[in-house]
1. In the set 85, 45, 92, 75, which member is touching a helix residue (DSSP H, G or I) at 6+ places or on another chain (Cβ under 7 Å) and exposed (fewer than 15 other Cβ atoms within 10 Å of the Cβ)?
2. Quick check on my filter: what residues within region 39-69 are without any contact (Cβ under 8 Å) to a residue 12 or more places away in the chain and either in contact with a Phe, Trp or Tyr (Cβ under 8 Å, 6 or more places away or on another chain) or among the β-branched types (Val, Ile, Thr) (or both)?
3. Considering region 26-37 alone, what residues qualify as being open to solvent by 70 Å² or more (accessible area, probe 1.4 Å) and of a type outside the set (Val, Ile, Thr)?
4. Taking into account only those residues within region 1-25 that are surrounded by 12 or more Cβ atoms within 10 Å (Cβ to Cβ) and not polar (S, T, N, Q), which is modelled with the lowest pLDDT?
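The values are calculated or read from the model by the stated rules, or taken from the named source; none is laboratory data. Note that the structure is a prediction, hence the values are computed from the model and not measured. Neighbour counts are summed over all protein chains in view; Cβ atoms, including those assigned to glycine, are modelled from backbone coordinates with ideal geometry. Just so you know, the surface numbers come from the protein's heavy atoms only, side chains and all, with ligands and any DNA or RNA stripped out. Shrake-Rupley method; radii C 1.70, N 1.55, O 1.52, S 1.80 Å.
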Amino acid sequence: MFSAFNSIDYQSIRTSTPAETAVKRLSGIGEVLSGLDISAIHTQDDMTRALWTLDTADKCIRMILTEFRTERSRDVVREAESLIDLIEAARDEVSNYRNGGSALS
């Protein structure tokens with residue numbers, strides 16, 4: 001039913017280490033975020049949806065870090081920190097877009 005789940009390779013997830021699984025999950029969040037197009041924000045609803053997506057991704061990243069706290073590797077922490085930094089930059093961009101006299105005014 002949900003096509004986003006069709007590409008998940010469950011066999012490799014079962015055979016990988018916990019750190020590899022965490023990195024795969026974080027990479028999936030990055031793939032979702034890469035589809036976020038801030039230039040497509042034209043209404044308050046668009047902005048709300050974009051911010052909701054960013055907030056949800058941030059919460060998912062923090063949940064992954066909590067779930068894998070005992071198996072954290074440098075790769076897991078690096079991937080998580082990179083995504084969190086990108087989320088903050090995107091939030092700033094959305095905020096600047098809103099305050100910069102866009103069509104939302």
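1. The conditions single out 75.
2. Listed by number, the residues that qualify are 48, 56, 66.
3. Just the residues of region 26-37 that are open to solvent by 70 Å² or more (accessible area, probe 1.4 Å), to begin with: 31-32, 34, 37.
Of everything in region 26-37, those that are open to solvent by 70 Å² or more (accessible area, probe 1.4 Å) and of a type outside the set (Val, Ile, Thr) turn out to be 31, 34, 37.
4. Only one residue fits best here, namely 13.
Let's see how each residue does on (1) surrounded by 11 or more Cβ atoms within 10 Å (Cβ to Cβ); (2) at pLDDT 90 or above:
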| position | (1), (2) |
| --- | --- |
| 39 | no, no |
| 56 | yes, yes |
| 60 | yes, yes |
| 67 | yes, no |
